[in-house]
Amino acid sequence: MGWGGFMHIFRKSEQGGMVLEAALILPMFVGFIVALIVCIQIAVADMALRSAVSESTKVLAAGLYPAEVLYQQGKEAFDQTALASGGQQVMDALQNLREKAAQAGEFIDSVEAYIPDPVVGLLAWVRQTGEYGVDEAKDAASAALRDAMKPIVYSFADKRILKKERFRVSGVTLPSLTNRERAYLGFEVTYDYPLAVPFFSRTLVLKKKALERVWLGA
């Protein structure tokens, strides 16, 4: 075999080695890019989940006491009439007060016009379970309560990032509106994030928790 034949074989061997290296490196590079994208998506979902639970807790904690004041006013009004037959009517009265204030344009003198709808929904549960004893308060994180709080907390979430079917309220701390030592509102939420990685199927559970002291007036 002459020198030219040897060089031809060497070049073919070198080309084959380059193809083999490319075949080994390319999947690793693609996998790295996919993993990087997934990490970014997880970070975005994590921040969105943190924002949802934090904002919902802050807004609800700030608006719960004014709603309670209106509840007491409505209850007193209903107690003086023959229509006083239950807490649900008082909650309906609270909603009517807000609607009348909005229709009359009394946005400055009527605090009910500023109370968000989620606060009204939360108040119903606080009235039902939040003012019992310590032992009963431990049962506040029941399945029914968590299911009821899900749409309230999720209303503060970024719907473009967090899907409702993957969003869950896993824990609820209801405040007492009469005992300042137990005047804390808290939510614990979880989010199931499926890892979209080739040949790897798992679900990552993101969890966030927030606790805020409820304002009970001066």
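The values are calculated or read from the model by the stated rules, or taken from the named source; none is laboratory data. Keep in mind it's a predicted model, so treat the numbers as computed, not measured. A quick note on method: Cβ atoms are made from the backbone with ideal geometry, for glycine too, and the neighbour counts reach across all protein chains shown.
So if I check each of D192, D158, D109, which one is at pLDDT 75 or above and part of a loop (DSSP other than H, G, I, E, B)?
Only one candidate passes the filter, namely D158.
Rundown of residues vs (1) modelled with pLDDT under 90; (2) farther than 30 Å from A35 by Cβ; (3) assigned to a loop (DSSP other than H, G, I, E, B), yes/no style:
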residue	(1), (2), (3)
R127	yes, yes, no
Y132	yes, yes, yes
K138	yes, yes, no
D147	yes, yes, no
I152	yes, yes, no
L185	yes, yes, no
A196	yes, no, no
V205	no, no, no
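Select from the stretch 169-185 the residues that are surrounded by fewer than 19 Cβ atoms within 10 Å (Cβ to Cβ) and within 18 Å of R50 (Cα to Cα) and list them in ascending order.
Matches in the stretch 169-185: S170, G171.
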